[in-house]
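First up is the structure itself, then whatever we jot down about it.
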Amino acid sequence: MIRVVLADDQALLRAGIRALLDAEDDIEVVGEAADGAEAVTVVRQTAPDVVLMDIRMPGTDGLEATRQIVNDESLAGTRVVVLTTFDLDEYVFEAVRIGASGFLVKDTEPAELLRGVRAVAAGDALLSPGVTRRLIGEFATRSRPSATPAADRLGELTEREREVVALVGEGLNNDEIAQRLFLSPATAKTHVSRSMVKLHVRDRAQLVVLAYESGLVRPGWSQE
């Protein structure tokens, strides 16, 4: 059972998402919150698998709530998905940078929301859609004063691992990476996992951010 907490200041939106999620056999909503401070409290009480977090709420916003959740060692198994009303939102990029596992636009299709919750609960990041890569690419390149610190971290990687991280940055999943590099899916997964450990990143979302900040991947660029 995937346990979910909903955090949004709009009660009607929470009710709609809750009805959608609770109708699924493998998903259970275990808590709700109307602002960021309440979200942190509820998440600490329930330790859910996934938090659907509105980025803009009164008082403590979703960005600060996300920061507190991902920095809480007792919540290492909890993943945050940011909810936003428009895709090119700098706050969303910052949330991903500090540890959110991706984002969903609030008017996303129900099937896509369900797929996203399941994907994040399984350890994946919601970074495959092109709009997400565009968001990260735009703000990562705009906000970094220099690529040097992030680029230096890549020195820990083997050449193959650098190739794999670049493909993660493009939004490819493990099966797609395996096909591109003529590897088995298990080998691709191992390279991704080792890269995450060496680079000290929480999940694939942060690996994508690092790929852009280091200059390993640039907006609109592909290894194909």
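Observations
- Number of positions in the stretch 153-167 that are without any contact (Cβ under 8 Å) to a residue 40 or more places away in the chain and open to solvent by 40 Å² or more (accessible area, probe 1.4 Å): 4
- Any hit, the stretch 6-28, residues being among the charged types (D, E, K, R), modelled with pLDDT of 95 or more, open to solvent by less than 10 Å² (accessible area, probe 1.4 Å) and not in a strand (DSSP E or B): yes
- Scanning the stretch 156-196 for residues that are closer than 15 Å to Val209 by Cα and hydrophobic (A, V, I, L, M, F, W, C) yields Val164, Val165, Ala166, Leu167, Val168, Leu172, Val192, Met196.
- Within the stretch 91-112, the set of residues being within 18 Å of Gly169 (Cα to Cα) and either part of a helix (DSSP H, G or I) or open to solvent by 30 Å² or more (accessible area, probe 1.4 Å) (or both) comprises Val92, Phe93, Glu94, Ala95, Val96, Arg97, Ile98.
- Positions within the stretch 49-90 being of a type in the set (Ser, Thr, Tyr), part of a loop (DSSP other than H, G, I, E, B) and open to solvent by less than 10 Å² (accessible area, probe 1.4 Å), in sequence order: Thr78
- Residue within the stretch 52-68 that is on the phi > 0 side of the Ramachandran plot, out of contact with any strand residue (DSSP E or B) (no Cβ under 8 Å at 6 or more places or on another chain) and without any contact (Cβ under 8 Å) to a residue 60 or more places away in the chain present: yes
- Meets criteria (within 20 Å of Ala122 (Cβ to Cβ), at pLDDT below 90 and surrounded by fewer than 23 Cβ atoms within 10 Å (Cβ to Cβ)) for Thr46: no
- All helices (runs of 4 or more DSSP H) inside the stretch 173-218 with 3 or more residues being within 28 Å of Arg67 (Cα to Cα): 185-199, 204-213
- Filter pass, Val164 being at pLDDT below 90 and assigned to a helix (DSSP H, G or I): no
- Among residues of the stretch 168-184 that are at pLDDT 90 or above, those with a beta-carbon under 7 Å from a residue that is open to solvent by 30 Å² or more (accessible area, probe 1.4 Å) and part of a loop (DSSP other than H, G, I, E, B) at least six positions away or on a different chain give the pairs Ala178/Ser184.
The values are calculated or read from the model by the stated rules, or taken from the named source; none is laboratory data. Because the structure is a prediction, the values reported are computed rather than measured. Neighbour counts are summed over all protein chains in view; Cβ atoms, including those assigned to glycine, are modelled from backbone coordinates with ideal geometry. Quick note on the areas: whole protein, heavy atoms, side chains included, nothing else; ligands and nucleic acids left out. Shrake-Rupley method; radii C 1.70, N 1.55, O 1.52, S 1.80 Å.
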